[in-house]
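Notes for the one structure printed next.
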Amino acid sequence: MAAANFWDNQEKAQDTVLRLKSVKSIVAPMLKLISSGEDLEALIEMAADDESIEDEIRNEIKQLEGSLEDLELKSLLNGPHDDSGAILTIHARDGGTDANDWAEMLLRMYTQWATKNEYEVVLFERNDNDEAGINSASIAIRGPLAYGYLKGETGLHRLVRISPFNSESKRQTSFAAVDVTPEVSDSIEIDINESDVRVDTYRASGAGGQHVNKTDSAIRLTHVPSGTVVQCQSQRSQHKNRAQAWKMLRSQMARAEELKREAENAADYQNKARVGGGSQIRNYFMHPDQRVKDARTGFAMGDINKALDGEIQGFLDAFLNWRAKTKE
């Protein structure tokens, strides 16, 4: 990073900066933990002559245990792409307009989580519903271990509430599908035959006004053999949208290879709970009570509003621990 020409290649430089942040997120707390352990040893020696510092020692031990638990959790983020950024795509599913609104609520939830963790959020594509909410959206969340933390969010998210779109105020169940893939660097080899990819252009959608794109700048790529579809409309330039769409497609292919390796390495894979896009992973209740519960780990939160405001780290940590146990 100290090289004079470091920033000549912006994308490569950003990848390096992200790798450095990922390494620091592990090494810095480890060094702090070692230093704190040495300080604790000194306190214990002092306690032999001064019993008044016993409470201080207990507090220090409690803090060290918490720091050690956090570090052990990060050690579980050892997958091939766990230190990458994450590309997160949300689609409204069953539930009509409520599902569209629910998809937008999830988009806000993940954006809030990213902001709280000082991660960068970049919008790739957003397809608004005519009545309310969104049909779909894709964002990149860039920061240390972003994909490692978020990869367990892939699946169906179910919301139960009194519908604000129903004049009779009936209870409504709606679903939204979340898919998370690693934002792989261009330096990583991903084998895609360009002849297998269909490229479509279309006019980018928007909320209206002067920012509506009047040219076919949006790009949709379809990988015909696998049926994988990605699209990008965040830039006015078709060239930039095309480049980003290819990056998204490479990320989808990298995730598919990761899942394939996991299946091959797990002898009892067929008996494990599915975490794919078609499986229901979490239930959010606004009625009759307010709570959120993960269907895989059993982890629950009694305040749904906190979760929707981005306080979802408990769910992410619980998934990492659950996944480690299912591998044993």
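Among the residues in the range 33-48, are any in contact (Cβ under 8 Å) with a residue 12 or more places away in the chain, part of a helix (DSSP H, G or I), in contact with a helix residue (DSSP H, G or I) (Cβ under 6 Å, 6 or more places away or on another chain) and not hydrophobic (A, V, I, L, M, F, W, C)? Looking through the range 33-48, at least one residue is in contact (Cβ under 8 Å) with a residue 12 or more places away in the chain, part of a helix (DSSP H, G or I), in contact with a helix residue (DSSP H, G or I) (Cβ under 6 Å, 6 or more places away or on another chain) and not hydrophobic (A, V, I, L, M, F, W, C).
Kindly indicate whether Glu118 is in a loop (DSSP other than H, G, I, E, B) and not hydroxyl-bearing (Ser, Thr, Tyr). Yes; evaluated as a whole, the condition is true for this residue.
Among the conditions (1) closer than 30 Å to Ala28 by Cα; (2) out of contact with any Lys or Arg (no Cβ under 6 Å at 6 or more places or on another chain); (3) of a type in the set (A, V, I, L, M); (4) buried (at least 23 other Cβ atoms within 10 Å of the Cβ), Leu159 misses just one, which is (1).
Tell me yes or no: at least one residue of the range 184-191 is surrounded by fewer than 20 Cβ atoms within 10 Å (Cβ to Cβ), assigned to a strand (DSSP E or B) and in contact with a helix residue (DSSP H, G or I) (Cβ under 6 Å, 6 or more places away or on another chain). Within the range 184-191, none of the residues are surrounded by fewer than 20 Cβ atoms within 10 Å (Cβ to Cβ), assigned to a strand (DSSP E or B) and in contact with a helix residue (DSSP H, G or I) (Cβ under 6 Å, 6 or more places away or on another chain).
On the stretch given as the range 64-87, residues that are within 18 Å of Leu40 (Cβ to Cβ) and under 19 Å from the mean Cα position of the chain (by Cα) total 1.
Condition check ((1) assigned by TED's automatic domain parsing to the domain that holds Glu311; (2) within 22 Å of Asp309 (Cβ to Cβ); (3) among the acidic types (Asp, Glu); (4) in contact with a Pro (Cβ under 9 Å, 6 or more places away or on another chain)) across all residues:
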{"site": "Glu41", "(1), (2), (3), (4)": "no, no, yes, no"}
{"site": "Ile61", "(1), (2), (3), (4)": "no, no, no, no"}
{"site": "Leu88", "(1), (2), (3), (4)": "yes, yes, no, no"}
{"site": "Met105", "(1), (2), (3), (4)": "yes, yes, no, no"}
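Could we say that Asp216 is in a loop (DSSP other than H, G, I, E, B), touching a Lys or Arg at 6+ places or on another chain (Cβ under 6 Å) and either at pLDDT 90 or above or not assigned by TED's automatic domain parsing to the domain that holds Gln14 (or both) here? Judged against the criteria, Asp216 is a match.
For the range 63-73, the criterion of being farther than 21 Å from Leu316 by Cα and in contact with a helix residue (DSSP H, G or I) (Cβ under 8 Å, 6 or more places away or on another chain) is met by at least one residue.
Within the option set Thr115, Thr181, being among the β-branched types (Val, Ile, Thr) and surrounded by 15 or more Cβ atoms within 10 Å (Cβ to Cβ) holds for one residue only, Thr181.
Please find, among Arg93, Arg126, the residue that is among the basic types (Lys, Arg), touching a strand residue (DSSP E or B) at 6+ places or on another chain (Cβ under 7 Å) and surrounded by fewer than 19 Cβ atoms within 10 Å (Cβ to Cβ). That would be Arg93, the only listed residue that is among the basic types (Lys, Arg), touching a strand residue (DSSP E or B) at 6+ places or on another chain (Cβ under 7 Å) and surrounded by fewer than 19 Cβ atoms within 10 Å (Cβ to Cβ). What do you reckon, is Lys170 surrounded by 19 or more Cβ atoms within 10 Å (Cβ to Cβ), charged (D, E, K, R) and either without any contact (Cβ under 8 Å) to a residue 12 or more places away in the chain or touching a His at 6+ places or on another chain (Cβ under 9 Å) (or both)? Criteria not met by Lys170.
The values are calculated or read from the model by the stated rules, or taken from the named source; none is laboratory data. Note that the coordinates shown come from a computational prediction; the quantities given were computed from them, not determined experimentally. Note that each Cβ is placed from the backbone with ideal geometry, even for glycine, and that neighbours are counted across all protein chains shown.
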